[in-house]
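All remarks here apply to the structure that follows.
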Amino acid sequence: MVLYVIGLGLGDAQDITVKGLEAVRKSSRVYLEAYTSILTVGKEKLEEFYGKPLLLADRDLVEQGADEILRDAAQTDVAFLVVGDPFGATTHSDLVLRAVHAGIPYKVIHNASIMNAIGCCGLQLYNFGETVSFVFWTETWKPESYFDKICKNRAMGLHTLCLLDIKVKEQSIENMMRGKKIFEPPRFMTVSQAADQLLQIIQRRRDEGEELGMTEETVCVGVARLGSDDQMICAAPLRELASCDLGEPLHSLVVTGRLHPLELDMLKMNAQEGALEGVKMLDSSTFTS
């Protein structure tokens, strides 16, 4: 028997592949990973389309209770569903390794993920550098390491895909300390929040006299609900994205590097009128701004 690790794509219930759907329908248990990403439809819609009940797998179950997911997988088919592609998060590699160590055969069924679908904004995938993750800042914790990676990519002329924070089934520090199983409402970082963090970092480092790898005028691209019928793409200078409302989650941000003229033409299709007027991305002075 097999542990199936199945990508669901980025949009709705119908984005699953034919091969993936066949595996779901013949599995005795089907888990839906519910913390690294979300679809635009809920669990009930997926169950209706797949014709199978789904067991929600939160972070605790996947990382601490993987044995439950793998239970009886040597005797019966078990499916583990992941929004996007199965290997978009290292957690899922760990699940596969656990299956191998337990002598359980596994099969991965791939699908579209943000890592390749981001090409729809007009930027060529082979011009991307290291992907970075943004986290929600708190009053006492404001990490900036992703900014340095963005600047490193730009120094090589490369774009940066920025994955924005998702908080699902999270506890407050107070409730954690008191051992209360009370969870905070889900939160999903927006493009405008991510842009605001970058603007704060830029201003702070400018005040400290640092040489900047990007500025408020650096051209960026905000995307929302990629793969859905109402996906949105907005290309603009960073300062404008800080006030851009792209609606419901999920959002991602791209910081551009050196662009080919065809990439610039594609970006202009997704820009508000005049937002990229005068930008010449092959000009080295524009690239470094």
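The values are calculated or read from the model by the stated rules, or taken from the named source; none is laboratory data. Quick caveat, the model's predicted, so the values are computed rather than measured. Note that each Cβ is placed from the backbone with ideal geometry, even for glycine, and that neighbours are counted across all protein chains shown. Each accessible area value is taken on the protein alone, full model and side chains, heavy atoms only, with ligands, DNA and RNA left out. Shrake-Rupley method; radii C 1.70, N 1.55, O 1.52, S 1.80 Å.
For the stretch 11-151, what relative contact order do you get, as a whole percent, if you take Cα pairs closer than 8 Å and at least 6 residues apart?
Details: 131 pairs, mean separation 31.2, N = 141.
Across the stretch 11-151, relative contact order equals 22 percent.
Please state the charge dipole magnitude for the stretch 1-109, taken about the Cα centre, from unit charges on C-beta atoms (+1 on K and R, -1 on D and E), reported in debye and rounded to the nearest 20.
Details: 11 positive and 16 negative charges, 64 e Å.
It comes to approximately 300 debye.
Gain in length, Thr131 to Glu22, computed as 0.36 nm per residue apart minus the alpha-carbon separation, to one decimal in nm?
Numbers: separation 109, 0.36 × 109 = 39.24 nm, distance 3.25 nm.
Here the answer is 36.0 nm.
Nearest 5 is fine: what % of DSSP beta bridges in the chain come out antiparallel, could you say?
Details: 18 of 38 bridges.
In the chain, DSSP labels about 45 percent of beta bridges as antiparallel.
Cross-link list Lys26/Lys52; Lys26/Lys107; Lys152/Lys268; Lys45/Lys107; Lys107/Lys167: which exceed 19 angstrom alpha carbon to alpha carbon? Before the final figure, lay out the partial values.
Working: Lys26/Lys52 9 Å; Lys26/Lys107 14 Å; Lys152/Lys268 25 Å; Lys45/Lys107 25 Å; Lys107/Lys167 29 Å.
Over 19 Å apart, Cα to Cα: Lys152/Lys268; Lys45/Lys107; Lys107/Lys167.
Hey, can you find the accessible area per residue of the chain for me, probe 1.4 Å, expressed in square angstrom? Mind showing how you got there, number by number?
Numbers: 14500 Å² over 289 residues.
With the other protein chains kept in place, the chain gives 50 Å² per residue.
With each run of n ≥ 4 DSSP H residues scored as -39500 (n - 2.57), what mean residue ellipticity at 222 nm is computed for the chain after dividing by its residue count and rounding to the nearest 500 deg cm²/dmol? Intermediate values should be presented prior to the final figure.
On the way: 12 runs with 95 residues, N = 289.
That comes out to -9000 deg cm²/dmol.
Using label points projected 7 Å from each Cα along Cα→Cβ, tell me how many nm separate Leu199 and Asn116, to one decimal.
3.6 nm
So what's the gap between the Cα centers of the stretch 67-141 and the stretch 184-207, to the nearest angstrom?
If you average the Cα positions of each part, the centres end up 26 Å apart.
Could you please put Cys244, Cys220 in sequence from largest to smallest accessible area, using a 1.4 Å probe?
Working: Cys244 20, Cys220 0 Å².
Sorted descending by solvent-accessible area, the residues read Cys244, Cys220.
Among Phe188, Phe147, what's the order by accessible area (1.4 angstrom probe), most exposed first? Provide the component values of the computation, followed by the final result.
Working: Phe188 55, Phe147 5 Å².
So the residues, ranked largest to smallest area, are Phe188, Phe147.
Would you mind estimating how fast the stretch 30-123 diffuses translationally, via Stokes-Einstein at 37 °C and 0.692 mPa s with the Kirkwood radius over Cα pairs, in µm²/s?
Here the translational diffusion coefficient equals 229 µm²/s.
Met1 versus Lys43, label points 7 Å from Cα toward the beta carbon: distance in nm?
2.2 nm
With unit charges on the beta carbon (Lys/Arg positive, Asp/Glu negative), name the residue among Gly227, Phe80, Tyr106 whose Cα is farthest towards the positive pole of the charge dipole of the chain.
Selected residue: Tyr106.
Sort the following peptides by mean Cβ neighbour count (other Cβ atoms within 10 Å, averaged over residues), highest first: 202-209, 102-109. Show your work: numbers first, answer last.
Details: 202-209: 11.9, 102-109: 15.4.
Most protected by this proxy first, the peptides run 102-109, 202-209.
Rounded to two decimals, what ratio of Rg to Rh does the stretch 90-171 give with C-alpha atoms and a Kirkwood Rh?
Numbers: Rg = 17.0 Å, Rh = 15.8 Å.
We get a ratio of 1.07 for the stretch 90-171.
Please report the accessible area of Thr140 (heavy atoms, 1.4 Å probe, ligands and nucleic acids excluded) in Å², nearest 10.
Rounded to the nearest 10, that gives 130 Å².
Give me the percent of accessible area attributable to carbon and sulfur for the chain, probe 1.4 angstrom. Don't skip to the end; give the middle numbers.
Details: 7510 of 14500 Å².
On the chain, the fraction of accessible area on carbon and sulfur atoms equals 52 percent.
Give me the number: length gained by fully extending Trp141 to Leu262, i.e. 0.36 nm times residue separation minus the C-alpha to C-alpha distance, one decimal in nm. Let's see the in-between values first.
On the way: separation 121, 0.36 × 121 = 43.56 nm, distance 3.99 nm.
Here the segment from Trp141 to Leu262 would lengthen by 39.6 nm.
Can you tell me the dipole magnitude for the chain around its Cα centre, using point charges on the Cβ only (Lys, Arg +1; Asp, Glu -1), in Debye to the nearest 20? Present the calculation step by step, with values, prior to reporting the outcome.
Details: 29 positive and 41 negative charges, 144 e Å.
Dipole of the chain, to the nearest 20 debye: 700 debye.
Does anyone have the angle between helix 90-101 and the longest principal axis of the chain? Alpha-carbon axes, 0 to 90°, nearest 10?
Once rounded, the angle reads 30 degrees.
Would you work out if the chain is rounded, prolate or oblate? Take a ≥ b ≥ c from the square roots of the eigenvalues of the alpha-carbon gyration tensor; rounded if a/c is under 1.5, else prolate when a/b is larger than b/c, oblate otherwise. Please report the intermediate quantities before stating the final value.
Numbers: a/c = 2.20, a/b = 1.68, b/c = 1.31.
Prolate, because a/c is 1.5 or more and a/b exceeds b/c.
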